[in-house]
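Below is one structure, written out as C-alpha cells; comments come after it.
The values are calculated or read from the model by the stated rules, or taken from the named source; none is laboratory data. Bear in mind the structure is a predicted one, so any value in this text is a computation, not a measurement. We place every Cβ from the backbone using ideal geometry, glycine too, and count neighbours over all the protein chains shown.
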Amino acid sequence: MMKFRTAKSALLQLLGDSAGGRYRVIGYQKQSKSAHTDNKLVQVYYSEGSFPKNAGRYHGEKAHDITLEIDLAVSAHADADIATLQSETSTAVQRAAALAGVKFAAENADNELDELIDIIYQIVMDARNDGLGLDKGIIASRWIDRIQKDTTIEHGGLVVKTANMKYTCRVSEDVPGDIGNEPANVIIDSQIPVDDCTGAGVETVNDNLEVE
C-alpha cells in the first residue's frame, strides 16, 4: 500500500482519537453519535500529490509531496424557516424576523466553526503528533499550508458554515510494481523446424499448460 494512504488513515485516526465528543470524524469507527457532535463534522481525504524528480531516484523509492484536505462543517438552527424570506406571501414583519433568525444562526455557526478550526489546528500541529503516530521517518515536513472558509449555506431552518484546511507532508513511496492478474491457461504452439540437412520435420504440437 502506498504511503499517502497510510498518512491519510493516520490523520483520520488521530483526529478521531482526539475528538473527545467535541466533533465527529466521517469514516472513524469508534465514536459515539450524539446530537451535540452531529452539528460539527470533520472529513479527511487525499486531494493531490507531486513527485519531484530532484528528490527521488529513477529506480527505487520516490519522494511524494502530498496534500490531505481536512473539511470542516458546522450547522446551526435558525428561529424562523429560511423559506419565509423567499415567500411572496410573507409580510415585512415575518421576513424581518426570519432574516434576524438567519443572521443569528449564521453568527453562531461561524463562532463554532472558528472554535472547531482552533481545535483541529492545535491537534494536528501539536509537536507530539508530528509523525501522526507512525514510525519515525514515514512523515516529513508536515504543515498546515492554508485555512479557508467557504460561503454560508442556508436550507430550511438550517444554516451551515464550512471551511477547509490543507495538510501537506512528504512521504517516500516504494515501487514494487503491479502484480496484476495472471491468466489461468496459457496455450503454447511449438514447432520444431525442418532439418536443413535431412529434410525431416516434426508436426506442430499443442501443449496446454496450466499456470498456477
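Residues in region 43-86 that are at pLDDT 80 or above and assigned to a helix (DSSP H, G or I): Lys53, Asn54.
Across region 146-180, the number of residues qualifying as free of Cβ contacts under 8 Å to residues at least 24 places away in the same chain and either assigned to a strand (DSSP E or B) or surrounded by 14 or more Cβ atoms within 10 Å (Cβ to Cβ) (or both) comes to 4.
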